[in-house]
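Everything below concerns the one structure shown next.
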Amino acid sequence: MKPKTENWLNIAKDDYEVAGQLFDNKKYLYCLFFCQQSIEKAIKAVYYERNEETPPRKHNLTSLAEDAGVFDELENLYG
């Protein structure tokens with residue numbers, strides 16, 4: 001795994017941990033925000049790993065998943 005990919009994943013894990021803490025404290029709106037941030041950074045990690053380019057600066061998870069080439073895989077799992 002590339003070092004920049006690991007960096008994206010580490011930040012995604014941190015965001016996920018914060019989401020858990022917010023959930024435990026019944027701060028659900030903020031919890032959802034950090035869940036979205038975690039997913040976004042995980043997708044960007046896949047994008048970087050596959051393309052060796054900085055991921056696009058956007059926050060639309062569907063669009064990012066398509067750009068990273070994982071949308072169809074996710075749709076097949078959960079669609």
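Where a number appears in this text, it was derived from the coordinates with a stated rule and is not lab data. Quick caveat: nothing in here was measured; it's all calculated off a predicted structure. Every residue, glycine as well, gets a Cβ built from its backbone with ideal geometry; the counts of neighbours run over all protein chains shown.
Just to be sure I understand the filter: pairs with C-beta atoms under 8 Å, separated by 6 or more residues or on different chains, first member in region 7-22 and closer than 13 Å to Phe33 by Cα and in contact (Cβ under 8 Å) with a residue 40 or more places away in the chain, second member in a helix (DSSP H, G or I) and not acidic (Asp, Glu). Which pairs pass? From residues that are closer than 13 Å to Phe33 by Cα and in contact (Cβ under 8 Å) with a residue 40 or more places away in the chain, there are no pairs. Of the residues making up region 27-57, those that are under 20 Å from Asn7 (Cβ atoms), more than 12 Å from the chain's Cα centre (by Cα) and not in a helix (DSSP H, G or I) are Glu52, Glu53, Thr54, Pro56, Arg57. Taking the numbered list (1) of a type in the set (Asp, Glu); (2) over 22 Å from Gly69 (Cβ atoms); (3) crowded, with 16+ Cβ neighbours inside 10 Å in turn, Asp24 passes all entries but (3). For Glu40, the criteria (1) in contact with a His (Cβ under 7 Å, 6 or more places away or on another chain); (2) surrounded by fewer than 13 Cβ atoms within 10 Å (Cβ to Cβ) hold in every case but one, which is (2). Pairing residues of region 51-79 that are loosely packed, with under 10 Cβ neighbours inside 10 Å with residues that are assigned to a helix (DSSP H, G or I), at Cβ distances under 8 Å and at least 6 apart in sequence or on separate chains, gives Glu53/Tyr47. Residues in region 64-79 that are under 14 Å from Val46 (Cβ atoms) and of a type outside the set (A, V, I, L, M): Glu66, Asp67, Gly69, Phe71, Asp72, Glu73.
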